[in-house]
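Input: a single structure, listed below in structure tokens.
Where a number appears in this text, it was derived from the coordinates with a stated rule and is not lab data. The model shown is predicted, which means the values in this text are computed figures rather than measured ones. Ideal geometry is used to build each Cβ from the backbone, glycine not excepted, and the neighbour counts take in all protein chains shown.
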Amino acid sequence: MRRLHPDAADLELAALYAGLTLPDRGPSRPWWVAMCMVSSVDGAASTDGVSGGLGGEADRLALSRLRSAGDVVLVGAATVRQEGYGPLVGSAERRADRRARGLAEVPRLAIVTASGELDPTSAPFTHPQQRPLVLTTRPAADRVRDRLGDVADVVAAGEEQVEPTTALAHLARLGLSRIVCEGGPRLNSQLLGAGLVDEVFLTVGPLTVAGGAPRIAQGGTERPGPLRLESVFEHDGDLLLRYREPGTPPVAR
Ligand SMILES: NC(=O)c1ccc[n+]([C@@H]2O[C@H](COP(=O)([O-])OP(=O)(O)OC[C@H]3O[C@@H](n4cnc5c(N)ncnc54)[C@H](OP(=O)(O)O)[C@@H]3O)[C@@H](O)[C@H]2O)c1
């Protein structure tokens with residue numbers, strides 16, 4: 001692996017985001033949102049309906065490092081359904097690493113849904129070490145609780161839609177303030193549109209996709225948000241880009 005920015009160096013792949021920590025925010029905005037996505041060179045966020053074909057080994061490691069660093073993984077329901085999410089329990093090594101940094105052994109999984117169309121017998125809901133949070137709307141909450149209440153904590157966080165700030169505030173109240181958002185594009189767009197994303201980890205895989213795949217953020221209204229480039233790594237053609245929102249502190253080196 002090569003680091004290209006902020007300074008050039010040849011490194012072992014294992015050095016990628018090693019020891020990654022996410023900052024705690026102050027009392028005025030008590031969370032940190034790190035978005036983690038992969039895209040093709042022509043901007044596709046999926047191929048054949050999933051993201052797995054877009055990035056290689058380094059992208060998978062980046063995702064694992066992010067999951068090691070956060071209190072909670074936030075994800076939209078379509079991503080859970082389409083990507084076939086498994087439990088976030090991780091290897092014994094990752095659990096020990098999290099314990100050593102004062103984090104819970106396993107990050108919580110928080111799924112955003114209005115429909116509640118999630119299978120209570122599917123992998124995210126059936127692992128003994130993982131009880132997901134399901135963030136839904138107030139009108140849907142009773143129905144979603146009937147469906148998922150035995151296997152998840154169902155929380156109302158909005159009226160017509162889950163309201164992003166209400167959802168993040170709820171997570172922070174539970175002590176889940178370091179938030180890793182794994183998409184998908186419609187959830188990302190709402191968080192970016194509301195100016196709630198502090199950091200973006202983006203892998204650009206060495207391929208084009210064409211067709212009608214979504215971008216990594218799609219839907220809602222445009223809100224251009226400048227970013228500051230923090231680091232660039234390259235491995236096997238994957239470009240691993242890390243950006244922060246300009247009002248945040250630079251990455252400690
Ligand atoms: N490239 C990448 O890194 C990456 C990452 C993640 C996903 N993806 C791809 O993205 C595609 C899915 O895209 P997507 O945009 O549909 O995914 P998504 O954002 O995960 O899911 C959208 C769904 O999430 C729920 N949702 C989102 N915001 C909500 C809100 N404010 N209130 C209530 N519910 C809300 C709704 O679920 P209900 O329908 O249940 O109401 C909505 O239909 C898949 O092909 C996946 O492979 C790519």
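In the chain, helical runs assigned H by DSSP with n ≥ 4 each contribute -39500 (n - 2.57); averaged across all residues and rounded to the nearest 500, the mean residue ellipticity at 222 nm is -6500 deg cm²/dmol. Mean separation of Cα pairs under 8 Å and 6 or more residues apart, divided by the residue count, gives region 39-143 a relative contact order of 24 percent. Compute the separation of the alpha-carbon centres of region 1-73 and region 77-154 and state it in Å as a whole number. Cα centroid of region 1-73 versus Cα centroid of region 77-154: 20 Å apart.
Ranked by the mean number of other Cβ atoms within 10 Å per residue, highest first, peptides 121-127, 89-95 order as 121-127, 89-95. Only Lys, Arg, Asp and Glu carry charge here, each on its Cβ (+1 for the first two, -1 for the last two); on that basis region 47-104 has a dipole of about 320 debye about its Cα centre.
Among Gly193, Gly86, Gly211, the largest mean-square fluctuation in a Gaussian network model of the chain, built with springs joining Cα atoms closer than 10 Å, belongs to Gly211. Based on Cα contacts under 8 Å between residues 6+ apart, the chain shows a relative contact order of 28 percent. Among rounded, prolate and oblate, which fits region 37-153 when a ≥ b ≥ c are the square roots of the eigenvalues of its C-alpha gyration tensor, a/c under 1.5 means rounded, and a/b larger than b/c means prolate? Oblate shape, in that a/c is at least 1.5 and b/c is the bigger or equal ratio. Taking 37 °C and 0.692 mPa s as conditions, the chain diffuses translationally at an estimated 177 µm²/s according to Stokes-Einstein applied to its Kirkwood radius (Cα pairs). Note on the chain: dipole from Cβ charges, positive end direction compared against Gly56, Leu191, Leu171; the farthest Cα belongs to Leu171. Per-peptide packing, taken as the mean over residues of other Cβ atoms within 10 Å, places 66-75, 99-108 in the sequence 66-75, 99-108 from highest down.
Assign one of three labels to region 145-200, namely rounded, prolate or oblate, based on the Cα gyration tensor with a ≥ b ≥ c the square roots of its eigenvalues; rounded applies when a/c is under 1.5, prolate when it is not and a/b is larger than b/c, and oblate otherwise. Since a/c reaches 1.5 and a/b is larger than b/c, the shape of region 145-200 is classed as prolate. Rounded to the nearest 20, the size of the Cβ-charge dipole of the chain about its Cα centre is 660 debye, with Lys and Arg at +1 and Asp and Glu at -1. Go through Leu202, Tyr243, Ala104 and say which Cα lies farthest out towards the positive end of the charge dipole of the chain; charges sit on Cβ, +1 for Lys and Arg, -1 for Asp and Glu. Highest projection toward the positive end goes to Ala104.
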